[in-house]
1. Can you tell me which of (1) closer than 17 Å to Leu33 by Cβ; (2) open to solvent by 40 Å² or more (accessible area, probe 1.4 Å); (3) assigned to a loop (DSSP other than H, G, I, E, B) is the one Val65 doesn't meet?
2. May I ask you to say which residue of Phe80, Phe123 is surrounded by 15 or more Cβ atoms within 10 Å (Cβ to Cβ), outside any helix (DSSP H, G or I) and in contact with a Lys or Arg (Cβ under 9 Å, 6 or more places away or on another chain)?
3. Against the definition (modelled with pLDDT under 85 and either surrounded by 12 or more Cβ atoms within 10 Å (Cβ to Cβ) or among the charged types (D, E, K, R) (or both)), how does Ser210 come out, yes or no?
4. Quick test of your reading of the structure: Arg113 fulfils all but one of (1) open to solvent by 50 Å² or more (accessible area, probe 1.4 Å); (2) among the basic types (Lys, Arg); (3) touching a residue at least 40 places away in the same chain (Cβ under 8 Å). Name the failing condition by number.
5. Filter the stretch 61-72 down to the residues that are touching a residue at least 12 places away in the same chain (Cβ under 8 Å) and of a type in the set (S, T, N, Q) and list them by number.
6. If you go through the stretch 177-197 one residue at a time, how many are exposed (fewer than 12 other Cβ atoms within 10 Å of the Cβ) and either among the small types (Gly, Ala, Ser) or part of a helix (DSSP H, G or I) (or both)?
7. If we scan the stretch 45-60, do we find a residue that is touching a residue at least 40 places away in the same chain (Cβ under 8 Å) and farther than 19 Å from Thr16 by Cα?
8. Looking only at the stretch 31-42, decide whether some residue is open to solvent by 80 Å² or more (accessible area, probe 1.4 Å) and either farther than 23 Å from Thr119 by Cβ or modelled with pLDDT of 95 or more (or both).
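The values are calculated or read from the model by the stated rules, or taken from the named source; none is laboratory data. Keep in mind the model is a prediction, meaning the values are calculated, not measured. Here Cβ is always computed from backbone atoms with ideal geometry, including for glycine, and neighbour counts include all displayed protein chains. Side chains included, ligands, DNA and RNA excluded: accessible areas come from the protein's heavy atoms. Shrake-Rupley method; radii C 1.70, N 1.55, O 1.52, S 1.80 Å.
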Amino acid sequence: EEELRLIMNDLRRHQTSYNAIASGDLQPLHVQLRPYVRRLHALGSPSVIYPYVMQLVTATASGEVPMPSAITCLSVVESFLVRRAVSGLEPTGLHAVFKRLWDSAGADPAELRSTIVSTTIAFPNDERFAHEIDTGNLYARNICKYVLSEYERHFTAGDVLDVFPPMTIDHVMPQSREGDWATLVSAEDHTRWLNTWANLVPLSSPANSSKGSRSWAEAKERLQRD
């Protein structure tokens, strides 16, 4: 019974951190931490990362970890997850990495970066990530809405909404090669570019429906305006 009480008390220390990453309840967190934890929640992070992130956030809240170190570590974890998801790498084996990550790396960003990989767990480098962005079928990836919305947020920070409305994924060049698209784009290029990041934009459902398979001139005008 005493052992159970000790475990419960230890878990209770991490309640705020758990709620933040699992349910997106960011209000109790320091304002500087919120954007980084919000992104981990928004991308649907696997629960295997919780042991590390919860201890990092709790230690930062208590003053044990400097804020810049915590922010960099959270960014490393996000980059690791996003790059792997865009590259189509399954989360298999991540549990073994993250369950010991706090003990082995703590809040040292350099140590975290080197420890988070292994002989079987890859952290795609810039070259591979760029290749996946250029050629990969992002439309088929679960990470698609996240990266499109965060890319949009990056260019509209402070200019639009804190919370985006429900979003759909629109193909700028339509999935059906019809109308003037049939003359503008070869069948080969249509297949090559259709589902890559370069051809995908976030739109609300009404905007997506009204755009439909309009010509490039009409689509460009609408996207620039709206």
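1. Val65 satisfies every listed condition except (2).
2. It is Phe123.
3. For Ser210, the condition - modelled with pLDDT under 85 and either surrounded by 12 or more Cβ atoms within 10 Å (Cβ to Cβ) or among the charged types (D, E, K, R) (or both) - is met.
4. Looking at each condition in turn, Arg113 falls short on (3).
5. The answer is Ser69, Thr72.
6. Residues that pass the stated criteria total 5.
7. No: zero hits.
8. The answer is yes; a qualifying residue exists.
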